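The values are calculated or read from the model by the stated rules, or taken from the named source; none is laboratory data. Everything numeric in this text was worked out from a predicted model, so none of it was measured. A quick note on method: Cβ atoms are made from the backbone with ideal geometry, for glycine too, and the neighbour counts reach across all protein chains shown.
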Amino acid sequence: MMLEVALEADGEWDSSTGPDWQVLAEAAVRAAIAESRYPHLTEAARPVELALRLTGDKEVRALNSEWRGKDKPTNVLSFPLADHAELTAPDQDGPELMLGDIVLARGVCAAEAADKAIPLDHHAAHLMVHGTLHLLGYDHHNETEADDMEARETRALARLGIGNPYEEAV
């Protein structure tokens with residue numbers, strides 16, 4: 001698949017001392033697509049693209065306030081651009097299929113990973129998968145949707161060798 005993950009990372013997401021965020025992001029996005037109702041996107045003739053911004057809590061707080069009316073940082077925000085018709089028939093003529101934008105907040109992400117006693121890159125991969133599924137139309141407004149989305153996330157993360165994030169730690 002012609003998949004481009006346009007990654008932009010602030011300095012606090014430095015790859016020189018940790019994971020290669022670009023490699024992790026591409027793997028997480030591919031895994032999420034494979035576990036979605038749109039796995040055919042991997043064979044689309046038309047290029048597929050999404051933007052992923054790794055930034056700080058301050059920027060995410062501003063975006064969360066502007067777009068969701070919540071004046072606080074959150075772990076991940078997703079801004080879908082593609083509609084169901086585009087996702088269902090990605091080979092229609094046109095420029096690349098823009099799935100949308102995902103934004104992760106370093107401080108929130110790191111604090112959540114520490115609280116769960118898991119590596120930061122595993123939690124970031126989970127949030128990238130979660131954000132990608134939102135771009136593909138999944139949500140968790142009710143228990144049925146939440147269960148479906150969590151199952152897809154768990155399968156996608158298993159593809160990356162990451163355990164179920166919803167199991168209680170023992």
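Within the range 154-170, if we keep just the residues that are touching a residue at least 40 places away in the same chain (Cβ under 8 Å) and within 20 Å of Pro39 (Cβ to Cβ), the residue that is surrounded by the most Cβ atoms within 10 Å (Cβ to Cβ) turns out to be Ala156. Residues that are more than 11 Å from Glu35 (Cα to Cα), touching an Asp or Glu at 6+ places or on another chain (Cβ under 9 Å) and surrounded by 15 or more Cβ atoms within 10 Å (Cβ to Cβ) within the range 132-151 comprise Leu135, Tyr138, His140, listed in sequence order.
Among the residues of the range 1-33, those that are surrounded by 14 or more Cβ atoms within 10 Å (Cβ to Cβ), over 13 Å from the mean Cα position of the chain (by Cα) and of a type in the set (Gly, Ala, Ser) comprise Ala9, Ser15. Looking at (1) in contact with a Leu (Cβ under 6 Å, 6 or more places away or on another chain); (2) modelled with pLDDT under 95, can you tell me which one Leu97 breaks? It is condition (1) that Leu97 fails. Within the range 65-79, the residues that satisfy the criterion of being farther than 14 Å from Cys109 by Cβ and within 16 Å of the chain's Cα centre (by Cα) are Ser78, Phe79.
Here is the figure for the range 77-92: residues that are free of Cβ contacts under 8 Å to residues at least 40 places away in the same chain and exposed (fewer than 13 other Cβ atoms within 10 Å of the Cβ) total 3. Exactly one residue out of Leu97, Leu52 is under 25 Å from Gly161 (Cβ atoms), surrounded by 16 or more Cβ atoms within 10 Å (Cβ to Cβ) and not aromatic (Phe, Trp, Tyr): that is Leu52.
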